[in-house]
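Working notes for the structure below.
The values are calculated or read from the model by the stated rules, or taken from the named source; none is laboratory data. This structure is a prediction, so every number in the text was calculated from the model and none was measured. Glycine gets a Cβ as well: all are built from the backbone with ideal geometry, and neighbour counts include every protein chain shown. Note: accessible area is taken over every heavy atom of the protein model, side chains too, but ligands, DNA and RNA are not part of it. Shrake-Rupley method; radii C 1.70, N 1.55, O 1.52, S 1.80 Å.
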Amino acid sequence: MSTPMRRQYLLLKKQYPDAILFFRLGDFYETFDEDARTVAEVCDVVLTSRPVTAGERVPLAGVPWHSAETYIARLIHAGYKVAICEQIGEVGKGLVDREVIRVVTPGTLVEPNLLEERRNNYLVALVFEGGRRAGLAYADVTTGEFAVTEIGGEEIARRVSEELARLDPAEIVMPEGSGHDKARNDTVDAARSAYAVSAYAAWRFETETARQALLDYYGAASLAAFGCEGMPLAISAAGALIQYLRDTQKAALGHLIPLHTYSTEQFMVLDAATRRNLELVGTLRDGQHKGSLLWVLDRTRTAMGGRLLRRRVSQPLLDVAALERRLDAVEAWAGDAMARAELRQALREVGDIERWTNRCTQKTAAPRDLVGLRQGLQALPLVGRIAARLGQEEGLDPCGEVRGLLEAAIADDPPATLQNGGVIRPGHSAELDGITLAAKDARAYIAGLESRERERTGIRSLKVGYNQVFGYYLEVSKPNVPLAPDDYIRKQTLANAERYITPELKEYESLILNAQERLLDLETQLFRGVVEQVAAMAPRLLGMASAVAALDVHAALADIAVDRRYVRPELSEDLVLAIKRGRHPVVELTQAVVPFTPNDAHLDAEHCIVILTGPNMGGKSTFLRQTALITLMAQIGSFVPAESAHIGLVDRIFTRIGAQDELHSGQSTFMVEMVETANILNHASRRSLIILDELGRGTSTYDGMAIAWAVVEYVHTHPRLQARTLFATHYHELTALSERLPRLANYHVAVAEQGDEVVFLHEIRPGGADRSYGIHVAQLAGLPRQVLGRATEIMQQLEQQAAAGQALSLDLKDPIQLDLFNEGPDPIRREVEQVDVNTMTPLEALNFLYALQTKARRSG
């Protein structure tokens, strides 16, 4: 028969079958059975065994409780959930009561060491209905953010995926069972490769169950105030999310701000490919922050501001009035360098009020969280005074009551935990001060006891000592035992000494030991009381934190605008996109040696398509991306890198830039290219901005050119489209379309030819290009000379055939002859052999030698 503890474990495990159960045993979290094998493998800990019945042992793996966070992080990263089971009963009186206090999942992390401070950690709940509508709710339990929307229309899976790409959630919760809902199944299949997906009981998503969960959480009688009444799928998603948090966070479920209902139609739509191609928050190469647009713009001083800026970059607005308010704020700070510098310095002291507050609502705050919150609140009055000088103080509630409480209750420099006391400030609690004073007096008595007793007894070797078994004692050596006073009570005999106690000594010992226990209990009680009082003020604190974050973002955008010479864009509802001397915000910052070459861009209803030709490395892709990024920056409320910019609001930015084989999904480069192009043609509108770079290069030349030609015609003539479009291509034949399509114009990237040398000017000029200079780029890349020479011969042969109207064919009689020790004719040697040295002046010879050296370095 199993032991009582084994039965207790199995009962708890049955309640959390899909989680690794961390079962608290003393100073360790133990795991058993398959959980133990998983923990041993993932966390690299020793797998042992434990007896559970006579003759039966089960696998066992344990981790120390004080370092459990590290192991939990590994398990979460590996895709597991972890149920934390704590001892809640009194130890030492039979089987200790235990219960699961929290289930840790990717979307419910609250531990600071497991979170990125400048990035939200979103949990999403998602439900579909009939393949035509979906409800989506998301929350960040570390900041209290909570929002919901309903998405409808054709291709619902695509539209949901676009919103998921914006949120980039840590975890998605969906109803168990797929049924025959294709939209749901397609979304799940796509999501599993990018996000953690958790199945949740389908009945939790039932509208009435979800509605009641929301009403209970907010203590409301109706959902009308939250804007989602009459939106059953939104209610289903939001209510299921609340229930999931209650099930996983238990008593630690913190404060979520009042539910916000939004529509995706309020914001610019950016699909996953566009977010990736424009490198908004991570680079294409490795997804790192450095090199992205956010890396350039993020000069915020607080983590709250950093998270807000990231959200704005990911969700550009379509509301001119709201954008103008943001731009007004940026302009105010840009115009006052002194106030901006003072504000940014003051914001350094504010810290992450948002997450500290939510740790209080979750009852997980540590002493130093409250110290951070106190310091942030102490910095607020200065922040408010500076902001008031520019009329930007709206929402900056100083929360003086919370500040006063923390100043009065929490010590200046408390320890990291409550285990050793010293957290509560002296003077805050008379009871605590009394216990502290009594313990202090008792320690003083014992500290002076040794000298007093030596003087009283005349025993110069007498010592006062302490151990865990007998407590405090008086030690007298054997020769001096006859001198021991009558009030000494023998407690222990040693080989060379006797140990004694006195009634008075035991009284003071009791005072010290009881006082220490009472001090810790009372400090813990007082600290929790302070945390609860702060949690009660969470709505005010979070409202203030939101205002501080906005202030931080506006000042940061102003700082980069002044530093990099950005200008305020002119926004309108028209279809004009006019950028004068625009610059790529990332390239100009990273290209430190060579000055960035600015370029103009102009698109409108009468000239909506630009065909851009020119050489590789000439700057076509940079120009395309910078136009899209300037547009996006304007629609997040930022100044832009240009001399001037008129931005007619864009509802979507589409990009078809490059391609990567998606072998895991069975899609080739060309298939990816065509899928993305189909998405653009099917969903763009007249208000969209389309960026196409080298469309059609993933197949044969004629196929690719035919597709590119047809796509341009479709965008130009379709009544739903006629969208503002930049199309970079090496198919120079497409420039002929300008003769047939009145809204299309040709531009090219300029180069300067100096003999055999080509200089890329990176300037965008009217007209088409007739060459791509690919062989020159290959030379710069370091291709062997014989390859370059043979390529030049083949190109000349093909050009001659094309000029003569002949069918293109290659002379294969004389292919490259490779020699292990000879790389073919050396052009520098040939040039030296051909020059007449006898007729050269010394200056001509020197210039000739310099030219040879330059060519040798380039070819080397």
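With +1 assigned to the C-beta of every Lys and Arg and -1 to the C-beta of every Asp and Glu, and no other charges, what is the dipole magnitude of segment 692-780 about the Cα centre in debye, to the nearest 20?
500 debye
May I ask for the Rg/Rh ratio of segment 100-183, computed from Cα atoms with Rh as the Kirkwood radius, given to two decimals?
Rounded to two decimals, Rg/Rh equals 1.02.
Given charges of +1 on the Cβ of Lys and Arg and -1 on the Cβ of Asp and Glu, with all other atoms neutral, how large is the dipole of segment 452-555 about its Cα centre, in debye to the nearest 20?
380 debye
Ignoring everything but the protein chains, give the 1.4 Å probe accessible area of Val464 in square angstrom, nearest 10.
40 Å²
Over all directions, the average projected area of the alpha-carbon convex hull for segment 590-732 comes to how many nm²?
The directionally averaged projection comes out at 10.1 nm².
Whole number please: convex hull volume per residue, Cα atoms of segment 360-427, in Å³.
Output value, Cα hull per residue: 93 Å³.
Specify the inter-centroid distance of segment 161-224 and segment 239-284, based on alpha-carbon positions, in whole Å.
Measuring centre to centre over Cα atoms gives 12 Å.
Where the centre of each part is set by its Cα atoms, how far does segment 309-355 sit from segment 86-106, in angstrom?
46 Å
Tell me, what is the Rg over Rh of segment 744-798, with Rh the Kirkwood radius over Cα pairs?
Radius of gyration relative to Kirkwood radius: 1.04.
Say the dipole of segment 667-706 comes from +1 at the beta carbon of Lys and Arg and -1 at that of Asp and Glu; which of Val672, His683, Leu695 then lies farthest toward its positive end?
The Cα lying farthest towards the positive end belongs to His683.
Which log10 I(q)/I(0) values, to two decimals, does segment 555-670 give at q = 0.15, 0.19, 0.21 Å⁻¹ under the Debye formula with one point per Cα?
Computed log10 I(q)/I(0) values: -0.74, -1.05, -1.20.
Choose one of His776, Ile459, Val531: the residue whose Cα lies farthest towards the positive end of the charge dipole of the chain (beta-carbon charges +1 Lys, Arg; -1 Asp, Glu; about the Cα centre).
Ile459
With the full set of protein chains in place, find how many percent of the accessible area of segment 130-193 is carbon and sulfur; take the probe as 1.4 Å.
Answer for segment 130-193: carbon and sulfur cover 45 percent of the accessible area.
What figure, in Å² to the nearest 10, do you get for the accessible area of Phe596 with a 1.4 Å probe and non-protein molecules left out?
Looks like 40 Å² after rounding.
Go through Lys93, Lys620 and list them by solvent-accessible area, largest first, probe radius 1.4 Å.
Lys93, Lys620
Anything over 31 Å Cα to Cα? Flag those among Lys93/Lys463; Lys250/Lys440; Lys478/Lys506; Lys81/Lys363, in the order listed.
Lys93/Lys463; Lys250/Lys440
First measure r as the distance between the Cβ atoms of Ala388 and Glu116, then evaluate 1/(1 + (r/R0)^6) with R0 = 51 Å and state the FRET efficiency to the nearest 0.05.
After rounding to 0.05, the efficiency reads 0.95.
Please list the three semi-axes, largest first and in whole Å, of the ellipsoid equivalent to the chain, using sqrt of 5 times the eigenvalues of its alpha carbon gyration tensor.
They are 67, 35, 31 Å, listed from largest to smallest.
To the nearest 10 degrees, how steep is helix 367-389 against the longest Cα principal axis of the chain, on a 0 to 90 scale?
Helix 367-389 sits at roughly 50 degrees to that axis.
Using a simple charge model, +1 on the beta-carbon of Lys and Arg, -1 on the beta-carbon of Asp and Glu, nothing else, what dipole does the chain show about its Cα centre, in debye to the nearest 20?
Dipole magnitude for the chain comes out near 1460 debye.
Quantify, in whole percent, the carbon and sulfur part of the accessible surface of segment 392-459 (1.4 Å probe; protein heavy atoms only).
The C+S portion of the solvent-accessible surface of segment 392-459 is 51 percent.
If you project the alpha carbons of segment 177-281 onto their three principal axes, what span does each projection cover, largest first, in Å?
So the three principal-axis extents are 45, 32, 30 Å.
Helix 156-167 versus the longest principal axis of the chain: what angle, 0 to 90°, nearest 10, using Cα atoms?
Once rounded, the angle reads 60 degrees.
For segment 245-322, evaluate the Debye formula with one uniform point scatterer on each Cα (no solvent term) and list log10 I(q)/I(0) at q = 0.16, 0.17, 0.19 Å⁻¹, rounded to two decimals.
Calculated log10 I(q)/I(0) at the listed q: -0.82, -0.88, -0.97.
To the nearest 10 square angstrom, how much accessible area does Met633 have with a 1.4 angstrom probe?
Roll a 1.4 Å probe over it and Met633 shows about 0 Å².
To the nearest Å, what is the center-to-center distance of segment 535-601 and segment 458-520, using C-alpha atoms only?
What the calculation gives is 73 Å, centre to centre.
Per residue, how much accessible surface does the chain expose to a 1.4 Å probe? Answer in Å², no decimals.
Accessible area per residue: 48 Å².
For helix 701-717, what angle does its Cα long axis make with the longest principal axis of the chain, in degrees from 0 to 90 and rounded to 10?
Its long axis makes an angle of about 80 degrees.
Using C-alpha positions alone, give me the convex hull volume of segment 680-788 per residue in cubic angstrom.
In segment 680-788, the Cα hull volume divided by residue count equals 131 Å³.
Which of the listed residues, Thr627, Tyr731, Pro398, is farthest toward the dipole's positive end in the chain, when Lys, Arg count +1 and Asp, Glu count -1 at the beta-carbon?
Pro398
With a bin width of 5 angstrom, please list the P(r) values of segment 552-607 as percents of all Cα-Cα pairs, from the 0 bin to the one holding the largest distance.
Per 5 Å bin, starting at zero, the Cα-Cα P(r) for segment 552-607 comes out as 4, 14, 20, 21, 18, 14, 7, 2, 0 percent.
If you add up the charges near Ile512, with Lys and Arg at +1 and Asp and Glu at -1, over every other residue whose beta carbon is less than 12 angstrom from its beta carbon, what do you get?
0
Under 24 Å Cα to Cα from Lys580, which lysines show up? Leave out anything in the same chain fewer than 8 places away.
Filter leaves Lys620.
Counting only protein chains, not ligands or nucleic acids, how are Lys290, Lys14 ordered by accessible area (probe 1.4 Å), most first?
Largest accessible area first, the residues go Lys14, Lys290.
Taking every pair of alpha-carbon atoms in segment 1-127, give the share separated by more than 17 Å as a whole percent.
The share of Cα pairs beyond 17 Å in segment 1-127 comes to 60 percent.
Given the C-alpha atoms of segment 703-742, compute the convex hull and give its volume per residue in Å³.
For segment 703-742, the hull spanned by Cα atoms encloses 66 Å³ per residue.
I'd like the antiparallel share, as a percent to the nearest 5, of DSSP beta bridges with both residues in the chain.
The answer is about 65 percent antiparallel.
Can you give the translational diffusion coefficient of segment 318-441 in µm²/s, computed by Stokes-Einstein from the Kirkwood radius over Cα pairs at 25 °C and 0.890 mPa s?
Translational diffusion coefficient: 143 µm²/s.
With all protein chains present and a 1.4 Å probe, how do Trp203, Trp356 order by accessible area, largest first?
Result of the area sort, largest leading: Trp203, Trp356.
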